[in-house]
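So the structure is just underneath, and the comments pick up after that.
What follows is calculated from the coordinates using simple rules that are stated; it is not laboratory data. Quick caveat: nothing in here was measured; it's all calculated off a predicted structure. A quick note on method: Cβ atoms are made from the backbone with ideal geometry, for glycine too, and the neighbour counts reach across all protein chains shown.
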Amino acid sequence: MTIQVGDKVPSVTLREMTPDGPKPVTTDELFAGKKVAFFALPGAFTPTCSAKHVPGFVQNYDALKAKGVDSIVCLSVNDAFVMGAWGKDQGAGDKVRMLADGNGEFTQAVGLEMDGSKFGMGKRSQRYSMIVDNGVVKTLNVEQPGGFEVSSAEHMLGQL
């Protein structure tokens, strides 16, 4: 079942690349006491994700912060090494945290997994965004397959 507005985000451990290597990050610590602009996408270095999705959140960092967002988080079913390299490539810096859901545990727990096997990608995340306030989903924007409209930073700004 897909996560819904009003649901608590599941407790899962993700990974984040640091100068000392991959570090575990629990969703409990990620969302506790914070308003988070969270978005997930099918894969690092893929065309729409690299040309539109991540850049939109990097470019709208100040506007999102001005609307009360404490943290911006990007998640993909990739490993922490790939997410770290992609974050550097995208200029995410301290603006967008690039988190790895390497085994797809979070993606499965929220019910937003997709099968990209016919593209050689295996199980991945659907493209979506959500505003999470203190661990509770306040908005959820799931894209139609192949779409990029409702999960954008610009759309999220209109929801804050």
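Only loop residues by DSSP count here, and only those with at most 14 other Cβ atoms within 10 Å; note down the GluC sites (Glu not before Pro) in the range 69-160 that meet that. Sparse-neighbourhood loop GluC sites (Glu not before Pro): E149.
Entry note, the range 2-82: relative contact order of 33 percent, from Cα contacts under 8 Å with a spacing of 6+ residues. DSSP bridge analysis restricted to the chain gives an antiparallel fraction near 70%, rounded to the nearest 5. Using θ = phi - 60° in the Karplus curve 6.51 cos²θ - 1.76 cosθ + 1.60, the 3J(HN,Hα) couplings for the range 28-40 round to 4, 6, 5, 9, 4, x, 10, 9, 10, 8, 10, 9, 10 Hz; x is entered for Gly and Pro. For the range 13-159, the relative contact order comes to 29 percent (Cα pairs under 8 Å, sequence separation of at least 6). In the chain, the DSSP-assigned H stretches of four residues or longer account for a calculated mean residue ellipticity at 222 nm of -6000 deg cm²/dmol, using -39500 (n - 2.57) per stretch and the full residue count as denominator. Neighbours of S11 by Cβ distance under 14 Å: Lys/Arg scored +1, Asp/Glu scored -1, total -4. Applying the criteria of a DSSP loop state and at most 16 other Cβ atoms within 10 Å to the trypsin sites (Lys or Arg not before Pro) of the range 1-46 yields K34.
My understanding is that a pair violates if its Cα-Cα distance is over 31 Å; which of K8/K95; K8/K52; K95/K118; K23/K67 do that in this structure? In this structure, K95/K118 lie more than 31 Å apart at Cα.
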